[in-house]
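Taking it in order: structure first as structure tokens, then the write-up.
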Amino acid sequence: MMLQKPAIMIRMAVRSLMQHKLRSFLSTLGIMCGVMAVVSMISIGEGARREVVRQIEQLGIKNIYLKPVGLTSSQRERAREQLSEGLTMADAKRISAGCRSVRLVAALKDVRASVLTGTAGMVPQIAAVTANYVDSQHMQVLRGRFIGDLDLSQKNMVCVLGSDVADHLGVSGKVGQYVRIEGHLFLIVGILGRFTIERSRSSAIAVRNYNEMIFIPLGTETVVMPTGRREEGVSELIVQVFQVEEVLKTAKSVERIVEVSHHNVRDYQLIIPQELLQQARKTQQTFNIVLGAIAGVSLLVGGIGIMNIMLATVTERIREIGIRRAVGATRDHIVVQFLTEAVILTFLGGMTGVILGMGAVTAISRLAGWQTAFTAWAVFLPLGMSILVGVFFGLYPAIQAARMDPVSALRHT
């Protein structure tokens, strides 16, 4: 009869637990702390994972990056002996010709020059780029156009402004106006749309702030750069492939081509966003395992507390158990009764822990500025585990209560 009416069992269990409010509360503290810790760690870990993934995806999953590396004086001497010219447009041509899977090879060169047109309070970064750079980075041109192939071949003095630079210049930052760079006038032919930036804590996956940049045709930088600042080569090559599946295979071919052209001088670094993404996912899997272990230990401690308190409860209620058996309750009824009490304890502790965990995550996000993310499994996983803990650790005391001899229980005082 009792087994057929769960509402009655729950009501009886709650009534029994409310007779010892403080003891019930203290017994759930372990579960609460364990669940709160798990919710907090999962949410913080998920936020960090999403941040890294967004940073990597901004670089382009189909892209392969080649960047020069700083060399020591001895390494530079060896590079000159090996006739390595560093990263140049010649490398871009060799890669385009040597890899059929390559869709495009874009280039960028950082230009150390000053903008002299109304940029007080802002120091725009100037970059000389090829026409296909806009496609490699999926940038959008809000007004006008980007730099074209004709601009490169004729070395037209034109430029494209990032959104923040255009806003800062005001009326002077419109298409058709001019920007003065190191005494030379550049015609504004385009304005980029706003680019959402994911700040990176790792230099390997740093994303440029295109909003504060001015782009000019590659080749025109020689005009604006003072003689003492002129540098050969490029600052970055972006190799984009047709299919995502071809990235890793193409990267090996690209590395081999550059290695041969640089005569085995390692004066460049190869960055593969897809590989970084895979590493980030593997790291997250390891992190999840660690979290699972911590959750298990935390809930194990809480479960031991639940079992301890339930054993004490069984000892205190021996006579009650005898009376219930005398009026017709079976062993199954007794098991369900005490098991229900254990599950209610852990469920309430789990719910409280989830609420406290969400509050802790919100406070950490606001105070520390960390990226956090609530997910369904971050809530339901620890809550489900807390219920399982109640069943597992409440089963033994419930069975002990059910095995009591009714006659001996009635005689107990």
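The values are calculated or read from the model by the stated rules, or taken from the named source; none is laboratory data. What you see is a predicted model; the values in this text were computed from it and never measured. Reconstructed Cβ throughout: ideal geometry from the backbone, glycine too, with neighbour counts over all protein chains shown.
Structure summary
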item: Filter result (within 35 Å of the chain's Cα centre (by Cα) and closer than 16 Å to Leu185 by Cβ) within the range 148-164; result: Cys159, Val160, Leu161
item: Some residue of the range 309-316 being within 44 Å of the chain's Cα centre (by Cα) and assigned by TED's automatic domain parsing to the domain that holds Ala48; result: yes
item: Breaking point among (1) closer than 30 Å to Arg50 by Cβ; (2) in contact with a Gly (Cβ under 6 Å, 6 or more places away or on another chain); (3) without any contact (Cβ under 8 Å) to a residue 60 or more places away in the chain; (4) of a type in the set (Gly, Ala, Ser), for Ala342; result: (1)
item: Number of positions in the range 258-274 that are modelled with pLDDT of 80 or more and not in a strand (DSSP E or B); result: 8
item: Boolean, Arg103 is out of contact with any strand residue (DSSP E or B) (no Cβ under 7 Å at 6 or more places or on another chain), basic (Lys, Arg) and modelled with pLDDT of 85 or more; result: no
item: Given (1) touching a residue at least 12 places away in the same chain (Cβ under 8 Å); (2) in a helix (DSSP H, G or I), number of the condition Gly233 does not satisfy; result: (2)
item: Meets criteria (at pLDDT 90 or above and within 30 Å of Gly183 (Cα to Cα)) for Ala131; result: yes
item: Which numbered condition Leu187 fails, given (1) surrounded by fewer than 19 Cβ atoms within 10 Å (Cβ to Cβ); (2) under 17 Å from Ala107 (Cα atoms); (3) modelled with pLDDT of 85 or more; result: (2)
item: Residue, surrounded by the most Cβ atoms within 10 Å (Cβ to Cβ), within the range 134-179, restricted to residues that are hydroxyl-bearing (Ser, Thr, Tyr) and modelled with pLDDT of 90 or more; result: Ser163
item: Test: Val258 is surrounded by 15 or more Cβ atoms within 10 Å (Cβ to Cβ) and of a type in the set (A, V, I, L, M, F, W, C); result: yes
item: Qualifying residue in the range 239-255 (condition: in the same structural domain as Gly45 (by TED's automatic domain parsing), surrounded by 19 or more Cβ atoms within 10 Å (Cβ to Cβ), among the hydroxyl-bearing types (Ser, Thr, Tyr) and in a helix (DSSP H, G or I)); result: no
